[in-house]
Amino acid sequence: MNKLLLPFSLLAVATLCPAAPKSWQVDSPDMRTRIELQLENGKLSYSAAFQKTAPAWQVEASGFQTLIAPSPLGVKTDSEDLSSQLALLSESETLSRSDPYTMLTGKHASLDNHYNERVISFVNKSGTTLEVHIRAYKEGVAFRYGFPGTNGTHTIVAEETGFKLPSNGKKWISHYSPVGTWAPGYEEDYQNGVSIGTPSPKSVGWAFPALFQTEPAWILLTESNLDGNYFAAHLEPDPKDGLYRIRLPETDETYGVHPQTSTAKLPFYSPWRVIMISPDLAGIAENSLVHHLADPCKIEDTSWIKPGPSTWSWLFDHSSQTDYDRLIPFIDLADELDWPYSMVDADWHIMENGNIEQVIEYAAERDVDLTVWYNSGGPTNLVKPIGPADRLHLADTRRKEFAWLQSLGVKGIKVDFLQSDKQGQIQLYIDIIEDAADYELLVFFHGCTLPRGWERTYPNLVSMEAVKGGEQLWSQKFADTIAVHNTILPFTRNVVGSMDYTPFLFQGMGPEITTSTTWAHELATTIVFESGIQHVSETVENFERLPFYVWRFLENLEVAWDETKLLSGHPGENVVIARRKGETWYVAGLNGQDQTLDYSLDLSFLPSGVHSLELIGDGSSKTEFSQSKQLIQKSDKVQITFAPRGGFVATITKR
């Protein structure tokens with residue numbers, strides 16, 4: 001036989017001969033989670049399981065419960081079907097890996113990417129290979145597709161990927177938006193504990209992340225490690241029989257400039273499909289699986305990346321950044337608070353009574369660094385009247401602009417109106433982040449996609465919006481329901497990455513809007529919501545009304561955390577979170593309900609010894625605070641009363 005024909009002969013046998021169903025399994029290192037891949041009748045599926053108690057020594061664990069029932073896998077290209085008539089090509093042994101790493105922003109500074117993995121390769125009838133990578137972690141499971149080869153391209157036109165959830169249970173999920181001039185895809189209300197099978201109110205489907213409560217465990221679905229080789233996905237609108245299927249970006253995103261599909265040179269990978277799993281909500285709120293699955297840091301020197309709080313003038317005075325005289329009070333406020341940053345928003349390039357160079361000089365004299373706003377620009381953007389625009393979408397123009405900003409001493413950029421999940425726009429995100437790093441500029445995006453692990457790979461990306469936040473307070477309906485909304489976010493959007501919500505909102509955007517939360521609730525959002533730059537959005541006048549002890553708390557406001565613990569809570573009802581920086585713990589709570597809540601703060605998370613606790617909570621009216629101090633130990637419990645839609649913050653220091 002001609003040896004050159006041997007591989008093709010074997011391939012034909014493998015493809016054409018029917019075979020019994022075959023499966024491949026990976027358990028997490030602690031035997032907590034399991035992902036299983038199956039090939040039957042030429043089609044791929046997977047399932048995910050979990051057990052609540054699984055000692056590491058219990059090798060033959062038998063208490064697994066299925067959470068994701070057998071769900072379809074596979075993709076289609078413009079010329080190949082990689083979802084059917086597949087045959088096994090090769091299978092790897094289980095690889096175990098522990099990869100410690102650090103984060104400059106986020107919930108935890110020190111993390112361990114600890115997992116078990118297998119790679120299984122399949123081939124279709126024409127000889128094209130599809131890899132499926134499956135991983136299991138204590139925090140959940142994940143899978144992705146690999147497209148091996150050295151020549152050619154694949155254009156992905158469809159995915160069969162789905163997630164089949166139990167029919168009984170609840171979900172917290174927001175619908176995707178038809179992405180247009182003023183409608184980014186991730187700035188909608190969350191459905192609050194509706195039935196798992198509820199269809200989306202919009203034909204464009206559901207958005208990630210999606211939180212589900214099932215009888216055995218909580219599940220959160222999202223994506224990670226998105227690169228310029230693939231689009232960002234969301235979910236189809238109607239989960240028939242609990243099956244949530246992957247949906248491509250909408251055709252009309254970017255006004256037709258980029259294709260809906262994605263095309264990449266071989267070899268490349270899809271993003272990881274992430275399934276966080278936990279018996280309790282702490283395992284969801286504290287989860288870092290999105291960052292575990294992301295590529296390691298690509299920036300060699302990160303010493304210039306400094307998270308911190310920032311003042312911001314735009315929310316209550318939309319044209320303040322066009323007037324030197326109206327910007328100065330916010331720089332002075334940052335100086336008084338000893339905050340590192342002040343944000344200069346849209347249209348700063350047409351400033352009156354001065355210019356951006358003079359503003360930068362004024363701020364530098366007070367040791368305050370500036371970040372500045374940009375319209376992402378280009379042919380995918382119709383919001384051209386708001387600027388500076390058309391300076392970032394072309395590489396040469398962008399790098400020239402970044403060099404100029406660096407020469408002025410600007411420390412970061414806010415980039416707005418990207419508004420699409422298409423591959424071409426995803427590449428623009430990455431190009432902006434990478435070029436900004438070359439000029440030592442921090443980046444935060446607005447009108448943008450969801451975080452998908454980029455903060456680990458590019459730590460100069462300090463935050464992303466992708467949330468219905470403070471900018472949406474032009475609606476009385478939102479102002480009335482914002483307390484409930486705020487208690488959902490720590491279990492959904494903020495789980496997957498830094499969230500530029502722009503918190504601390506005592507009033508709505510306009511005299512006719514009345515917010516329903518207390519001022520203590522708003523103060524607590526500065527800790528409950530995590531963001532590498534925390535844009536605290538209140539007027540200078542309202543800051544001046546604050547009691548000295550609230551002012552002192554804000555002077556010491558932290559934004560990047562060594563450790564995070566969820567102490568209690570339930571989405572849509574309430575949340576209490578503890579975050580540690582050094583030896584100091586910051587505890588904050590939000591009440592989302594319309595009635596008083598009596599809460600017992602358990603301090604067992606503290607180290608042994610005597611600690612000093614300062615508590616700032618609700619006062620006798622919505623606009624008033626209360627303050628108390630006491631010495632405590634970890635065995636103590638502190639009784640706290642939330643006002644309706646109220647909140648508290650506590651600072652705990654070791655004596």
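Okay, residues lined up against (1) in a loop (DSSP other than H, G, I, E, B); (2) basic (Lys, Arg); (3) in contact with a helix residue (DSSP H, G or I) (Cβ under 7 Å, 6 or more places away or on another chain):
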site	(1), (2), (3)
Leu226	yes, no, yes
Ile246	no, no, no
His258	yes, no, yes
Ala264	no, no, no
Asn287	yes, no, yes
His291	no, no, yes
Lys298	yes, yes, yes
Trp304	yes, no, no
Thr311	no, no, yes
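Condition check: hydrophobic (A, V, I, L, M, F, W, C), farther than 19 Å from Lys107 by Cβ and in contact (Cβ under 8 Å) with a residue 12 or more places away in the chain. Does Leu567 satisfy that?
Numbers: hydrophobic (A, V, I, L, M, F, W, C): yes; farther than 19 Å from Lys107 by Cβ: no; in contact (Cβ under 8 Å) with a residue 12 or more places away in the chain: yes.
In short, no.
Does at least one position in region 468-480 carry a residue that is basic (Lys, Arg) and either under 20 Å from the mean Cα position of the chain (by Cα) or farther than 30 Å from Glu573 by Cα (or both)?
Of region 468-480, the ones basic (Lys, Arg) are 468, 477.
Now drop any that are not either under 20 Å from the mean Cα position of the chain (by Cα) or farther than 30 Å from Glu573 by Cα (or both), which leaves 468.
Checking region 468-480: at least one residue is basic (Lys, Arg) and either under 20 Å from the mean Cα position of the chain (by Cα) or farther than 30 Å from Glu573 by Cα (or both).
In this structure, does Pro237 turn out to be surrounded by fewer than 20 Cβ atoms within 10 Å (Cβ to Cβ) and modelled with pLDDT of 95 or more?
Yes: the conditions hold for Pro237.
Within the set of pairs 6 or more residues apart or between chains, which connect a residue that is crowded, with 24+ Cβ neighbours inside 10 Å inside region 644-655 to a residue that is of a type in the set (S, T, N, Q) and modelled with pLDDT under 95 with Cβ atoms less than 8 Å apart?
Hits for this filter: Arg645/Ser516.
Tell me which residues, restricted to region 266-285, are in a strand (DSSP E or B) and either modelled with pLDDT under 95 or among the small types (Gly, Ala, Ser) (or both).
Ser278
Is it true that Gly497 is part of a loop (DSSP other than H, G, I, E, B) and surrounded by fewer than 19 Cβ atoms within 10 Å (Cβ to Cβ)?
Judged against the criteria, Gly497 is not a match.
Of the residues Thr214, Thr263, which single one is over 23 Å from Lys565 (Cα atoms), surrounded by fewer than 24 Cβ atoms within 10 Å (Cβ to Cβ) and β-branched (Val, Ile, Thr)? Quick ask: steps written out before the conclusion?
Working: Thr214 fails: over 23 Å from Lys565 (Cα atoms).
Just a single option satisfies the conditions, and that option is Thr263.
Out of the residues in region 41-60 meeting the condition of being modelled with pLDDT under 95 and surrounded by fewer than 17 Cβ atoms within 10 Å (Cβ to Cβ), tell me which one is nearest to Asn168 (Cα to Cα).
The residue in question is Lys52.
Of Thr254, Thr263, which residue is among the hydroxyl-bearing types (Ser, Thr, Tyr), in the same structural domain as Tyr137 (by TED's automatic domain parsing) and modelled with pLDDT of 95 or more?
Checking each option against the conditions leaves just Thr263.
Among the residues of region 423-482, what is the count of those that are in contact with a Cys (Cβ under 9 Å, 6 or more places away or on another chain) and of a type in the set (S, T, N, Q)?
Residues meeting the conditions: 1.
Filtering region 109-164 down to residues that are under 30 Å from Arg579 (Cβ atoms) and among the small types (Gly, Ala, Ser), which residue is surrounded by the fewest Cβ atoms within 10 Å (Cβ to Cβ)?
This residue is Ser110.
Scan region 157-189 for residues that are more than 26 Å from Asp241 (Cα to Cα) and either in contact with a Ser or Thr (Cβ under 6 Å, 6 or more places away or on another chain) or aliphatic (A, V, I, L, M) (or both) and report the count. Steps first, please.
As a first pass, look at region 157-189 and keep what is more than 26 Å from Asp241 (Cα to Cα): 179-184, 187.
Restricting the remaining residues to those that are either in contact with a Ser or Thr (Cβ under 6 Å, 6 or more places away or on another chain) or aliphatic (A, V, I, L, M) (or both) gives 179, 183.
Count: 2.
Only one residue in Thr449, Thr481, Thr457, Thr502 is crowded, with 24+ Cβ neighbours inside 10 Å, β-branched (Val, Ile, Thr) and more than 19 Å from Thr371 (Cβ to Cβ). Which one?
It is Thr449.
Mind counting the residues in region 340-367 that are outside any loop (DSSP other than H, G, I, E, B) and either touching a Phe, Trp or Tyr at 6+ places or on another chain (Cβ under 8 Å) or of a type outside the set (Asp, Glu) (or both)?
Result for region 340-367: 15.
Which residue, of Leu315, Leu370, is surrounded by 14 or more Cβ atoms within 10 Å (Cβ to Cβ), assigned by TED's automatic domain parsing to the domain that holds Val415, outside any helix (DSSP H, G or I) and of a type outside the set (Lys, Arg)? Walk me through how you get there before you give the answer.
Numbers: Leu315 fails: outside any helix (DSSP H, G or I).
Checking each option against the conditions leaves just Leu370.
If a residue has to be β-branched (Val, Ile, Thr), touching a helix residue (DSSP H, G or I) at 6+ places or on another chain (Cβ under 8 Å) and outside any strand (DSSP E or B) to count, how many in region 548-603 make the cut?
1
Just wondering, is there one or more residues in region 380-397 that are polar (S, T, N, Q), part of a loop (DSSP other than H, G, I, E, B), crowded, with 23+ Cβ neighbours inside 10 Å and in contact (Cβ under 8 Å) with a residue 24 or more places away in the chain?
Step one: filter region 380-397 for residues polar (S, T, N, Q), giving 380-381, 397.
From what's left, part of a loop (DSSP other than H, G, I, E, B): 380-381.
Those left that are additionally crowded, with 23+ Cβ neighbours inside 10 Å: 381.
Now restrict to residues that are in contact (Cβ under 8 Å) with a residue 24 or more places away in the chain: 381.
For region 380-397, residues polar (S, T, N, Q), part of a loop (DSSP other than H, G, I, E, B), crowded, with 23+ Cβ neighbours inside 10 Å and in contact (Cβ under 8 Å) with a residue 24 or more places away in the chain: present.
When you look at Arg456, is it outside the structural domain of Thr623 (by TED's automatic domain parsing), touching a residue at least 60 places away in the same chain (Cβ under 8 Å) and touching a helix residue (DSSP H, G or I) at 6+ places or on another chain (Cβ under 6 Å), yes or no?
So Arg456 fits the description; yes.
So, restricting to strands (runs of 3 or more DSSP E) that lie completely within region 107-196, which ones have at least 2 residues that are small (Gly, Ala, Ser) and in contact (Cβ under 8 Å) with a residue 40 or more places away in the chain? Full working, then the answer.
Values: elements: 110-123, 129-137, 140-147, 153-159, 162-164, 170-174, 190-195.
The qualifying strands (runs of 3 or more DSSP E) are 140-147.
Kindly evaluate Tyr269 against the criterion of being in contact with a Ser or Thr (Cβ under 9 Å, 6 or more places away or on another chain), assigned by TED's automatic domain parsing to the domain that holds Asp78 and of a type in the set (Phe, Trp, Tyr).
No; evaluated as a whole, the condition is false for this residue.
Just to be sure before I move on: is Thr623 touching a residue at least 24 places away in the same chain (Cβ under 8 Å) and part of a loop (DSSP other than H, G, I, E, B) in the structure I sent?
Yes: the conditions hold for Thr623.
Which residue is surrounded by the fewest Cβ atoms within 10 Å (Cβ to Cβ), if the candidates are limited to region 74-106 and must be outside any loop (DSSP other than H, G, I, E, B) and of a type in the set (Gly, Ala, Ser)?
The residue in question is Ser98.
Could you tell me how many of the residues in region 69-113 are in contact with an Asp or Glu (Cβ under 6 Å, 6 or more places away or on another chain), farther than 30 Å from Pro239 by Cβ and among the hydrophobic types (A, V, I, L, M, F, W, C)?
2
Pick from region 127-149 the residues that are among the small types (Gly, Ala, Ser) and under 26 Å from Pro29 (Cα atoms): which of them is farthest from the chain's Cα centre (by Cα)?
Residue satisfying both the conditions and the ranking: Gly146.
Is it the case, given these coordinates, that Asn229 is assigned by TED's automatic domain parsing to the domain that holds Pro267, surrounded by fewer than 23 Cβ atoms within 10 Å (Cβ to Cβ) and within 21 Å of Ile284 (Cβ to Cβ)?
no
The values are calculated or read from the model by the stated rules, or taken from the named source; none is laboratory data. Predicted model, so just to flag it, every value in this text is computed and none were measured. Methodologically, a virtual Cβ is constructed for each residue, glycine included, from the backbone with ideal geometry; neighbour enumeration extends over all protein chains shown.
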